Amino acid sequence: MIRVTVWNEFKHERLHEEVRSVYPDGLHRAIAAGLEQEGDMSVRTATLPEPECGLTREVLDGTDVLIWWGHMAHEEVSDEAVERVYARVLDGMGLVVLHSGHFSKIFKKLMGTTCDLKWREANEKERIWVVDPAHPIAAGLPEYFELKPEEMYGEHFDVPAPDELVLVSWFEGGEVFRSGCTWKRGQGKIFYFRPGHETYPTYYHPLVRRVIANGVRWAAPSGAAKPVRGNRQPLEQLG
Ligand code: ZN
């Protein structure tokens, strides 16, 4: 079983009726419910109001893949919690960053860039194209699928060139966006997936759930031994 923790800042749902009406138990519960149907994942949730931002050493040590949803409270995540997550990613924990998590402290730290982008909330159609059909994150997806309504995110997305680009979005207003990107940092694998504005029922969509579950499986630790670094004695006798 892959041990998944779905982390959510859990703020919009408590402050805004418009969001609570879509996600009455929180975005994290909707995302977790999709993963619980998969059968090969043990899923728990963690939220910002919990002790140590919900990201205690115990939680992180028991997590193979962490899913991140944040938006209005990025700055309320303590630097200590971010450092713990960062260390675990380098150590092999997978990280799936969703939607507005592009501006989270942890994603910006891992990318080393501003992670800024173009955006618009206009209830428009998003058409998501699979551009790497051999990639495991594309498993079970059609050539493209559509979400309506969604928020627009447009290029340029200021991230390092992804190791792999799996999904590209087109929006009704004309913009395009790299919606499904992967990177590796240390032993850890990172998947960014764009959709999921808090006022839209995106995380109930079966294909969105398929992408997130595929992303979790792809990001799960490889099981490779921890690399050894520093000064070493030779393995063979040197002539
Ligand atoms: Zn949004």
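Using a 1.4 Å probe over the heavy atoms of the protein chains, calculate the carbon and sulfur portion of the accessible area of the range 1-51 as a whole percent.
Details: 1160 of 2370 Å².
Ligands and nucleic acids excluded, carbon and sulfur reach 49 percent.
Using Stokes-Einstein with the Kirkwood hydrodynamic radius over Cα pairs, what translational diffusion coefficient do you get for the range 47-162 at 10 °C and a viscosity of 1.306 mPa s, in µm²/s rounded to a whole number?
On the way: Rh = 16.0 Å.
The calculation lands on 99 µm²/s.
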Residue 3's amide H: which non-local residues (gap 5+, or another chain) put their own amide H closer than 5 Å, with H modeled 1.01 Å from N in plane and none for Pro or chain starts?
-> 42, 64, 65
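To the nearest 20 Debye, how big is the dipole of the chain about its Cα centre, given +1 on the beta carbon of each Lys and Arg and -1 on that of each Asp and Glu?
Working: 28 positive and 36 negative charges, 140 e Å.
Magnitude of the dipole: close to 680 debye.
Would you mind calculating the gained length between residue 163 and residue 148 on full extension (0.36 nm times residue separation, minus the Cα-Cα distance), in nm to one decimal?
On the way: separation 15, 0.36 × 15 = 5.40 nm, distance 2.86 nm.
Going from the current span to full extension adds 2.5 nm.
Is the shape of the range 108-153 best called rounded, prolate or oblate, per the rule: a/c under 1.5 gives rounded, else a/b larger than b/c gives prolate, else oblate, with a ≥ b ≥ c the square roots of the Cα gyration tensor eigenvalues? Show your work: numbers first, answer last.
Details: a/c = 3.47, a/b = 1.14, b/c = 3.05.
It comes out oblate by the Cα gyration axes.
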The range 149-239, relative contact order [Cα under 8 Å, separation at least 6], % = 21 percent
Compute the accessible area per residue over the chain, keeping the other protein chains in place, probe 1.4 Å, unit Å².
-> 46 Å²
Along the range 108-120, Karplus-curve 3J(HN,Hα) (6.51, -1.76, 1.60; θ = phi - 60°) to the nearest Hz, with x for Gly and Pro, reads 5, 5, 5, 7, x, 10, 6, 6, 6, 7, 9, 8, 7
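Say R0 is 22 Å: what FRET efficiency, to the nearest 0.05, do residue 109 and residue 199 get from their beta-carbon distance?
Approximately 0.20, to the nearest 0.05.
As a test of the formula, what do you get for the chain when each DSSP H run with n ≥ 4 contributes -39,500 (n - 2.57) and the sum is divided by the residue count, at 222 nm and rounded to the nearest 500 deg cm²/dmol?
Working: 7 runs with 56 residues, N = 239.
So the calculated ellipticity at 222 nm is -6500 deg cm²/dmol.
The values are calculated or read from the model by the stated rules, or taken from the named source; none is laboratory data. Just so it is clear, the model here is predicted, and its values are computed rather than measured. So basically every Cβ, Gly included, is an ideal-geometry build from the backbone, and we count neighbours across all protein chains shown. Surface accessibility is based on the protein's heavy atoms, side chains included, excluding ligands, DNA and RNA. Shrake-Rupley method; radii C 1.70, N 1.55, O 1.52, S 1.80 Å.
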